[in-house]
Amino acid sequence: MKRIFLGILTGLVVLSVVAWRLKPAPMEGKTPLVWVSDDNPVRREQIEIFNRLHPKYQLALDPNNTGTQKIIVQSLAGIGPDIFDIYGRWSMYMFAEAGMVMDITDVARKRGFGLKDTWPEVRSTISIDGRQYGYPCNLCGTVLLYNKNVFDKYKVPYPPKGPWRWDDLVKIAKKLTHQKIDGSGFDSFGLIGADYYNLLIQNGASVYDKKGVYCVMDSPRAVEAIQFYYDLMFKYHVMPTPEDMVLMGGEGGWGAGTLKWFGSERVAMIYGARWQLITFRKYPDLRIGATHLPFKRVDTNLVNSRFAAVNKNSKHVEGALVFLKYLAGREYSMHLLECTDSMPGNPIYATEKNMDDPEHPEEDFNAIFPEAIRKGKPMEISRLINPFQAGRTIQRHLDLMNSKVKSAKQACRDITDEINRGIEKNLARFPKYRQTFKELTGKDWKPGIPLREQVGK
């Protein structure tokens, strides 16, 4: 097995070296910088702006090596990027523990892109124990977008602007959900895109305990939230079931994907964010409204962030730091707002005035986007288990629930048991997890004793 892994590692290194050698040579007199990010068309525009503002540098995009393993392998081979995007806190912990991401706390504070220069709600996603390791490229809070054309078609009043509850959502969505006359499917659904995590935190529940040591998805409030997620599809039938999604994808006129279904007036409401306006602006007759998500007990929503970090082994650290400063600056922030690619990392530019677009006067709801960030929460993680592993566990059991193999209560119980077993296995096998356990709890981990008993509530 070790030989297999060594062979894979060697192969990746060789391919990385070949790819590096095939890259265009930098322009004479300019310092080359490589940014690993997704191949969104607006990245090209953002790079052009940076290169124009900083003619000393030649920033280039590498969209083909966005995986964590690829970045690590390339860096070990001495050909890693100067800057790379990170999606989620756990990935940041991985890079920090591997000694591959630069601690920028002091220089960022001095140059104006420190923790105080971004949203308080995302500071925990770019720092560990108060030390900063990146700066947001963009971020967003989940909101509810609604299609005014569908509401008007069925003569249903628009959702309330102020706080509203899950029961209100169901009542409104029912009026907007219509089966076909022959009963073969649906002409429209009231809602799409509601996710388990927003529902979880809106019911005052969570995935982990406050210290992030063990899973608590079997709590009564968590079960209630997951049950509501199930009921939206199977009890109230105001949101497509997995089977409905397949049928919708195969029908003429539905197109492919939830955004197209919303744009083509097959869906009245969607859990969304500002970046979706990039797609919705392509529908000339679409009339959109926006409001905050309904909730059960806590008026909150999920906040997502993509942030950039500096490769500690970069040969051009100064240029990479200049780029992070650029992310916090006016030119980048205003471009981000203009193209509706979510919200900038620096909140001073996220004003309603800066978001208003004369070419889209119908978008009179821009104030909602910064509001959603300010009242939002980032995704929870546990430092004792890979979040991708935990996420796959959650999704697998929810899929079984959606297939009616198990109840919401059983799914939550099984999720909790499986994640906690994974945490216990990590504690048993790896000293670094036991050290983290002690940092989080102030106690030594004791095998054979349930995590809840060791940590307490």
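The values are calculated or read from the model by the stated rules, or taken from the named source; none is laboratory data. In this text, all values refer to a predicted model and were calculated from it rather than measured experimentally. Neighbour counts run over all protein chains shown; Cβ positions are idealised from the backbone, glycine included.
Some values worked out for this structure:
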read-out: Filter pass, G80 being at pLDDT below 80 and among the small types (G, A, S); value: no
read-out: Residue among G130, G183, G114, G99 that alone is small (G, A, S) and either at pLDDT 95 or above or closer than 17 Å to F323 by Cβ (or both); value: G114
read-out: The stretch 373-392 - residue that is assigned to a helix (DSSP H, G or I) and out of contact with any strand residue (DSSP E or B) (no Cβ under 9 Å at 6 or more places or on another chain) and, of those, surrounded by the most Cβ atoms within 10 Å (Cβ to Cβ); value: P387
read-out: Listing of helices (runs of 4 or more DSSP H) fully contained in the stretch 209-298 that carry 3 or more residues being in contact (Cβ under 8 Å) with a residue 24 or more places away in the chain and more than 22 Å from the chain's Cα centre (by Cα); value: 220-234, 242-250
read-out: Of residues in the stretch 209-250 being of a type outside the set (G, A, S) and touching a Cys at 6+ places or on another chain (Cβ under 6 Å), the one farthest from A268 (Cα to Cα); value: D218
read-out: All positions within the stretch 186-215 that are modelled with pLDDT under 95 and among the hydroxyl-bearing types (S, T, Y); value: S188
read-out: The lone exception for V298 - which of (1) over 21 Å from D152 (Cα atoms); (2) surrounded by fewer than 19 Cβ atoms within 10 Å (Cβ to Cβ); (3) modelled with pLDDT under 95; (4) not small (G, A, S) it fails; value: (3)
read-out: Matching residues in the stretch 420-451 - criterion: being of a type in the set (K, R) and either surrounded by 15 or more Cβ atoms within 10 Å (Cβ to Cβ) or free of Cβ contacts under 8 Å to residues at least 12 places away in the same chain (or both); value: R421, K425, R429, R434, K438, K446
read-out: Failed item in (1) in the same structural domain as I288 (by TED's automatic domain parsing); (2) part of a helix (DSSP H, G or I); (3) in contact (Cβ under 8 Å) with a residue 40 or more places away in the chain, with K161 passing the rest; value: (2)
read-out: Any hit, the stretch 26-48, residues being among the aromatic types (F, W, Y), at pLDDT 95 or above, more than 22 Å from W275 (Cβ to Cβ) and in the same structural domain as M100 (by TED's automatic domain parsing); value: no
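Condition check ((1) under 19 Å from K211 (Cβ atoms); (2) at pLDDT 95 or above) across all residues:
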{"position": "P358", "(1), (2)": "no, no"}
{"position": "P361", "(1), (2)": "no, no"}
{"position": "N366", "(1), (2)": "no, yes"}
{"position": "P370", "(1), (2)": "no, yes"}
{"position": "R374", "(1), (2)": "no, yes"}
{"position": "M379", "(1), (2)": "yes, no"}
{"position": "G391", "(1), (2)": "no, no"}
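Each row is one residue, and each column tells you yes or no for (1) under 18 Å from A273 (Cα atoms); (2) assigned to a loop (DSSP other than H, G, I, E, B).
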site: N313; (1), (2): no, yes
site: L324; (1), (2): no, no
site: S333; (1), (2): yes, no
site: P358; (1), (2): no, yes
site: E371; (1), (2): yes, no
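This table checks each residue for (1) small (G, A, S); (2) over 20 Å from Y133 (Cβ atoms).
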{"residue": "V310", "(1), (2)": "no, no"}
{"residue": "N313", "(1), (2)": "no, no"}
{"residue": "L327", "(1), (2)": "no, no"}
{"residue": "E331", "(1), (2)": "no, yes"}
{"residue": "K353", "(1), (2)": "no, yes"}
{"residue": "A372", "(1), (2)": "yes, yes"}
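Residue-wise test of (1) surrounded by fewer than 22 Cβ atoms within 10 Å (Cβ to Cβ); (2) of a type in the set (G, A, S).
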site	(1), (2)
R165	yes, no
Q179	yes, no
A194	no, yes
Y197	yes, no
Y236	yes, no
E243	yes, no
S264	yes, yes
